[in-house]
Amino acid sequence: MHTSPVPGSVLPHDHGAADGAPLQLFDRACRRLLELGTDLTNTVVERIRTEVPYYADPVLAPPDLRCTVGAGTRHALEAALDPARIADVERYTRELGRKRAEQGRPLDEVLHAFRVAGSAVWSRIVNVVERDGLGDTRQLVHIAELVWKSNDRDSVLVADAYRQVTEGVASRHRERVRLILAALLETRSDPEFTRNAAAILDLPLDGRFAVAVVGATPPYGRTPRTAPEVRGVRILRHTRGHQDVLVAHLGNRPLNALASGLDAGPGLRIGISPVVQGLENLARADDMAGLALRTCRADGEIARLDARLPDGLLVSRPDLSAELAHRVLRPMYELEPADRDTLFDTIGSWIENGGSAVRAARHMLCHRNTVLNRLRRFEQITGLALTRPRDLVHLTLALDAHRLLGPAAVLRTTDDAAVSRSPDEA
């Protein structure tokens, strides 16, 4: 990136601040400099190239340096002779700031060269007064402060115009990225669009990606304002209602690198998709991350779908899951709540301990025969046989559906629309 300056108005915009003799001398010097034309421009350009190494580089130095210096010095000197031209100086200065920002020139270099140009013009004013015998150079001291205040004010105009443009460019870029991510996360599968998106987002078309959906639990949950930083993983953030969608380019990093780098703080839950290959599969990854999020039952959970595939199946069709839970577990709700909870805890512990009554008994701090008696009673109530693999599959899925959807699904005390909602919305 390069920059080119224009000297600020090296002239006092408020002539009333100094007495007449110094101002008259100053005006004579400005008229003489205008007569110099390109000679003054050459002097200022050479001074910039000497004092600002950036401009000494033939590659970095902008080709219009001489043009902008010439126009800027002419506007400044003309404004000294006609205060009505001050508006031209300010307009040109702002235009320069906007132009350099649009070209991506570094602001520090713009302002450095701007100040050097102003100093060079002031030196020529002093020099021409002394060389051509226009008057006593000591009188210029009385207006020097006003000159540099004007120069500082014009520097502020340059910086202000520059920052307005850069903020606008950054805002437009953020909006462009947001819209592109939104399109990729939908079902859009236009190959040309995907290729263009990869180029704009600087992502590999066939890279390894995963999506994480961060859900905030109302009313206190708040998603972070920025994308998290995970070593070796580039993350792009897209907001969607009370959710953040994080698109992670994993490169050669494992999915666990993303999962371990995320933090589900207070009021937050996170669902993570399996790894997908290619940018065109982000919509599928987004759907899977959403399913993973819906398997969370408490704030602070980080759920990887590849570790909760049965739960993902159940929440993907809550109507069928509720029907299964109702058919298998409805008889349990004829029992007293305490009795029912004891049987649920026992069957759950037995399943989690690999069907071992001994390990389940140790976990529950009771005798093995107590566990076996409860299991037989459960079979009698539900009509299931725990020794039949298919019955055990039905039971396991029904218990998971009961955990995910709650008793209302088993008792059919809620409508289909309510059952279809995600757990954090219910």
5 Å is the cut-off here: which amide hydrogens, built 1.01 Å from N in the peptide plane, fall below it relative to R240, excluding neighbours closer than 5 in sequence? V245
Taking the alpha-carbon centroid of each part, what is the distance from the range 330-368 to the range 123-149 in angstrom? 98
1/(1 + (r/R0)^6) with r = Cβ-Cβ of A298 and Q380, R0 = 45 Å, i.e. FRET efficiency to nearest 0.05, evaluates to 0.85
For the range 24-40, 3J(HN,Hα) per residue [Karplus equation, 6.51 cos²θ - 1.76 cosθ + 1.60, θ = phi - 60°, Hz, x = Gly/Pro]: 5, 5, 4, 4, 4, 5, 5, 4, 5, 5, 4, 6, 6, x, 5, 4, 5
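Leaving out ligands and nucleic acids, and using a 1.4 Å probe, what accessible area per residue does the range 299-397 come to in Å²?
Working: 5650 Å² over 99 residues.
With the other protein chains kept in place, the range 299-397 gives 57 Å² per residue.
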Whole-number percent relative contact order across the chain, with pairs defined as alpha carbons under 8 Å at least 6 apart: 13
Centroid-to-centroid separation of the range 192-253 and the range 262-324 [C-alpha atoms, Å]: 15
Hey, what do the phi angles of the range 223-228 turn into as Karplus ³J(HN,Hα) couplings, whole Hz, using 6.51/-1.76/1.60 and θ = phi - 60°, x for Gly and Pro? 6, x, 7, 10, 6, x
Taking only protein heavy atoms and a 1.4 Å probe, what accessible area per residue, in Å², does the range 132-217 have with all protein chains in place? 54
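Relative contact order of the range 82-188, please, whole-number percent, based on alpha carbon pairs below 8 angstrom and at least 6 residues apart.
Once divided by the residue count of the range 82-188, the mean separation gives 46 percent.
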Leaving out ligands, DNA and RNA, and with a 1.4 Å probe, what % of the accessible surface on the chain is carbon or sulfur? 50
In the chain, with Lys and Arg counted as +1 and Asp and Glu as -1 at Cβ, which of these residues, V69, A409, V121, has the Cα nearest the positive end of the dipole, that is, farthest along it? A409
Relative contact order, percent, of the range 235-361 when contacts are C-alpha pairs under 8 Å separated by at least 6 residues? 16
Using alpha carbons only, how many degrees (0 to 90, rounded to 10) separate the axis of helix 107-131 from the longest principal axis of the chain? 10
Spin-label proximity, A183 to the range 197-217 - amide N less than 12 Å from point 7 Å beyond Cα toward beta carbon: 197-201
Tell me the angle of helix 65-81 to the major Cα principal axis of the chain, expressed in degrees between 0 and 90 and rounded to the nearest ten. 60
Please check the chain for the longest run free of GluC sites (Glu not before Pro) that are loop-located per DSSP (anything but H, G, I, E, B) and have at most 14 other Cβ atoms within 10 Å. 230-424
Ranking T239, G97, S273 by how far each Cα lies towards the positive end of the charge dipole of the chain (+1 on Lys and Arg Cβ, -1 on Asp and Glu Cβ), the top one is S273
So, with +1 on the Cβ of K and R and -1 on the Cβ of D and E, and no other charges, what is the size of the charge dipole of the range 164-266 about its Cα centre, to the nearest 20 debye? 140
Once you mark the trypsin sites (Lys or Arg not before Pro) that are in a DSSP loop and have at most 14 other Cβ atoms within 10 Å, what is the longest gap between them in the chain? 1-187
From the protein chains alone at 1.4 Å, what is the descending order of accessible area for M332, M364, largest first? M364, M332
If you place +1 on the Cβ of every Lys and Arg, -1 on the Cβ of every Asp and Glu, and leave all else neutral, what size is the dipole of the chain about its Cα centre, to the nearest 20 Debye? 1280
Between helix 389-405 and the chain: long-axis angle, C-alpha atoms, 0 to 90°, nearest 10: 50
Summed over the other residues with a beta carbon less than 12 angstrom from that of T342, with K and R at +1 and D and E at -1, the charge totals -1
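The values are calculated or read from the model by the stated rules, or taken from the named source; none is laboratory data. Every value quoted in this text rests on a predicted model; they were computed, and no experiment measured them. Quick reminder, even Gly has a Cβ in these numbers, built from the backbone with ideal geometry, and neighbours come from all protein chains shown. Note: areas computed on protein heavy atoms with side chains; ligands, DNA, RNA excluded. Shrake-Rupley method; radii C 1.70, N 1.55, O 1.52, S 1.80 Å.
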